[in-house]
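First up is the structure itself, then whatever we jot down about it.
Where a number appears in this text, it was derived from the coordinates with a stated rule and is not lab data. As the structure is a computational prediction, the values presented were derived from the model and not from experiment. When we count neighbours, we look across all protein chains shown, and the Cβ atoms used for this are built from the backbone with ideal geometry, even at glycine.
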Amino acid sequence: MQYPTGRLALHSASLTVHPGEFAVILGANGCGKSTMLRIIAGMQKPTAGEVRIAGQDITRLNGRALSDARMTLGMVFQHAHLVKRRSVLTNVTTGTLGRHRTLFTALGGLPPQEFPHAMNCLEQVGLTQFAKQRASTLSGGQAQRAAIARALAQRPRALLADEPVASLDPEAAEDVMRLLRKLATEQRMAVLCVLHQPDLARRYADRLLGLRKGVIAFDDAPANVTPDAINDLYEGFRPS
Amino acid sequence: MSSETLPAAVSPAKLAAAARFSLLKTAVIAIVLIALFVQALIVVQAQPAELITGIHGMADILSRSLPPDVSSFPAQLWPVLETIDIALFGTFFGVILALPLAWLAARNTSPAPAVYHGARAVISICRSVPDLVWALLFVTAVGLGPFAGALALTIHSVGMLGRLLAETIEDMDMGPMDALSSTGAARLQIFTHAVVPTVLPSLLGITLYRLDDNIRSSLVLGFVGAGGIGFQLLTAMNLFDYRTVSLLLIITFVLVLGAERLSAAVRKRVL
């Protein structure tokens, strides 16, 4: 991936994430983590290379076809990005809008047949009792879990998470990581997560990927990745 | 030190020239301002003497308009309703038209630059043409009466509401929009499910403010034949029926003040 400015953000960075696998990308700021995630999510087009979801290359898609392909990928951001004035259940149900392109939903209606599914998604993240509350009443960790429920509501094959715990307190961060782990194991979801906390990554992920200046430095199970290898990623960014 | 910081080559002669120049500048500005003011006096044909000698004429009209003709009050109820309804119609349809227009005219939600500029242009035209002119235009189309006034207020409201709403949308957090777009939602769905719920309180506040504005405008629109209290006022003036005029002025005062208070109170509750 080369930006129009000429800056090469990523090169020869290939990876595959399998269903049920929880992979974490580690790396210093500006190493290309977010670029990688944005390309995989179809939010940016790479200058070369391809992104295959269940065999289909999404970098060649546009418009409606791209939207449809994006439905198979659930995105989780650093912030929950919920519509604060609407209820938690409503927010989760909006995750299903992509498959219900009707005049009714275009005018602000929600597909009623999706409410049971949305409740189901809320149950998976442990927020059933908050369904009727306004999203603004949730704590940071709860809001992030509701955002994950919204991503689940779109029935994705994979979850992409861009620093999902960066703005959470340690306890809420553990909750969210545990949830992602559970979704990979129980729902056979492929989870790809960008993280800044090597210790959290070690404890929850199946696979650690180190990204350094746009190149994959290591790609292995946590047990095989030495602390030195991780420290190398941040070399020049940290004192010592 | 000071010999270093001051420009070295300033001679006394040059300093004096600079002082003369700044004095000249002040004088020129003063003369221009006075000339501007004097031409305004001439153009408006200001004759303070006439205001003083003519004061008894005003006193005369005032005495003839008192007491207000309360007996004609029931006859004014219908025009009052007409005035309020013109404002309600204009505000309601103004919002309905302004909302999609604002979506196209907000930099962050507009689908294409050409659409953005087009929508901005439509909003500007709606706003920059005064509602009185819109009313005159619509009178030629639908004839004299409240409908012309209601249409005029609709179009003029679109101008103001569209601009304020577009700015509200531009100020809003893009997060929920990004999140919905990543779920594969369509553009219009993102608008109705992420943008509209978020801007709803502002939308309500702006709308109430506009309703209050529209009630005032709808009074004036009566003068060009758009019905309501304004039209009654014009008729009473032409018939030299000053006691009805004073009653109508009192009604106007109460109406405007009431609308202002009501919209302020509701806005306070909502926001």
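Points to keep in mind about this one:
- Most simply put, the protein assembly as shown has about 35% antiparallel DSSP beta bridges, counting only bridges with both residues inside it.
- Residue of A:G109, A:G42, A:G32 that the Gaussian network model of chain A assigns the largest fluctuation, springs spanning Cα pairs under 10 Å: A:G109
- Compactness relative to 2.2 N^0.38 Å, alpha carbon Rg of region A:72-146: 1.06
- DSSP-defined antiparallel bridges as percent of all bridges, chain A, nearest 5: 35
- Reduced Cα scattering model of region A:188-240, Debye log10 I(q)/I(0), q = 0.16, 0.17, 0.23 Å⁻¹: -0.47, -0.53, -0.94
- The modelled label-to-label distance between B:A16 and B:L249, using points 7 Å beyond Cα along the C-beta direction, is 6.4 nm.
- Each residue of region A:126-137 was assigned a 3J(HN,Hα) from its phi angle through the Karplus expression (A = 6.51, B = -1.76, C = 1.60, θ = phi - 60°), giving x, 10, 3, 6, 9, 3, 8, 6, 5, 4, 5, 8 Hz with x at Gly and Pro.
- Hz values of 3J(HN,Hα) by residue in region A:199-205 - Karplus curve (6.51, -1.76, 1.60), Gly and Pro given as x: 5, 4, 4, 4, 6, 10, 8
- Size descriptor, Kirkwood hydrodynamic radius, that averages inverse alpha-carbon separations across region A:17-112, Å: 15.8
- Span from the region B:18-45 Cα centroid across to the region B:114-129 one, whole angstrom: 39
- With N as its number of residues, chain A has a Cα radius of gyration that, divided by 2.2 N^0.38 Å, comes to 1.03.
- Put simply, the amide H of A:A217, placed in the peptide plane, has neighbours under 5 Å in A:G210, A:L211, A:R212, leaving out anything fewer than 5 places away on its chain.
- Distance violations [Cα-Cα > 23 Å] among A:K45/A:K213; A:K84/B:K268; A:K84/A:K182: A:K84/A:K182
- Amide hydrogen proximity for A:C193: with H placed 1.01 Å from N in the peptide plane, the residues at 5 or more positions away or on another chain lying under 5 Å are A:A23, A:V24, A:I25, A:A161.
- Placed amide H near A:L73: partners under 5 Å, 5+ positions off or other chain: A:R157
- Taking other C-beta atoms within 10 angstrom as a stand-in for reagent exposure, B:R261, A:R181 fall in the order B:R261, A:R181, fewest first.
- Separation in nanometres of the label points that stand 7 Å from Cα toward Cβ, at B:L136 and B:L77: 3.6
- Projected onto planes of every orientation and averaged, the convex hull of the alpha-carbon atoms in region B:128-235 covers 7.9 nm².
- Shape category assigned to region B:1-141 from the gyration tensor of Cα positions, a/c cut at 1.5: oblate
- Reciprocal mean inverse distance between Cα atoms of the protein assembly as shown - Kirkwood radius, Å: 28.6
- Shape analysis of region B:76-270 based on the Cα gyration tensor places the equivalent ellipsoid semi-axes at 37, 18, 11 Å, largest first.
- Screening chain A for whole DSSP H helices with an alpha carbon extent of at least 18 angstrom along the helix axis and a mean Kyte-Doolittle hydropathy of at least 0.0 yields A:140-153.
- Averaged over the residues of peptide B:172-179, the number of Cβ atoms from other protein chains lying within 10 Å of each residue's Cβ is 6.
- Residue by residue, region B:177-191 carries 3J(HN,Hα) couplings of 5, 4, 4, 5, 5, 6, 7, x, 6, 7, 3, 5, 5, 4, 5 Hz when phi is fed to the Karplus relation 6.51 cos²θ - 1.76 cosθ + 1.60 (θ = phi - 60°); x denotes Gly or Pro.
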